[in-house]
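The values are calculated or read from the model by the stated rules, or taken from the named source; none is laboratory data. Because the structure is predicted, anything quoted here is derived from the model rather than measured. In this analysis, Cβ positions are derived from the backbone assuming ideal geometry, glycine residues included, and neighbour counts consider all displayed protein chains.
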Amino acid sequence: MTRALDFPAGVVLLTGTGVVPERDFTLRAGDVVTIDVAGVGTLRNPVTVVGTGG
């Protein structure tokens, strides 16, 4: 993320989950991550490539 975006000193990325996917798991552009919380609602985030990746 820091290759494509500027973050101020001291920034911490928190994923909010303890789920660890299999080693060969990867998200690709066009995938959609959906989180459903009963009584709260649904959050949908499309996966987008940011920066050049290298």
Pairs only if they're at least six apart or on different chains, beta carbon under 7 angstrom, first in the stretch 16-29 and of a type outside the set (D, E, K, R), second part of a loop (DSSP other than H, G, I, E, B) and at pLDDT below 90; list them, first residue then second.
ALA29/VAL49
Only one residue in PHE7, PHE25 is of a type in the set (Phe, Trp, Tyr) and more than 14 Å from the chain's Cα centre (by Cα), so which one is that?
PHE7
Give the residues of the stretch 20-35 that are hydroxyl-bearing (Ser, Thr, Tyr) and within 16 Å of MET1 (Cβ to Cβ), sorted by residue number.
THR26
Exactly one of (1) surrounded by 10 or more Cβ atoms within 10 Å (Cβ to Cβ); (2) assigned to a loop (DSSP other than H, G, I, E, B); (3) touching a Pro at 6+ places or on another chain (Cβ under 9 Å) is unmet by VAL33. Its number?
(2)
Applying the selection to the stretch 36-45, what residues are exposed (fewer than 10 other Cβ atoms within 10 Å of the Cβ) and either closer than 25 Å to ASP6 by Cα or touching a Ser or Thr at 6+ places or on another chain (Cβ under 7 Å) (or both)?
ASP36, THR42, ARG44
Output yes when any residue across the stretch 46-53 is surrounded by fewer than 10 Cβ atoms within 10 Å (Cβ to Cβ), within 11 Å of the chain's Cα centre (by Cα), in a loop (DSSP other than H, G, I, E, B) and not small (Gly, Ala, Ser), and no when none is.
yes
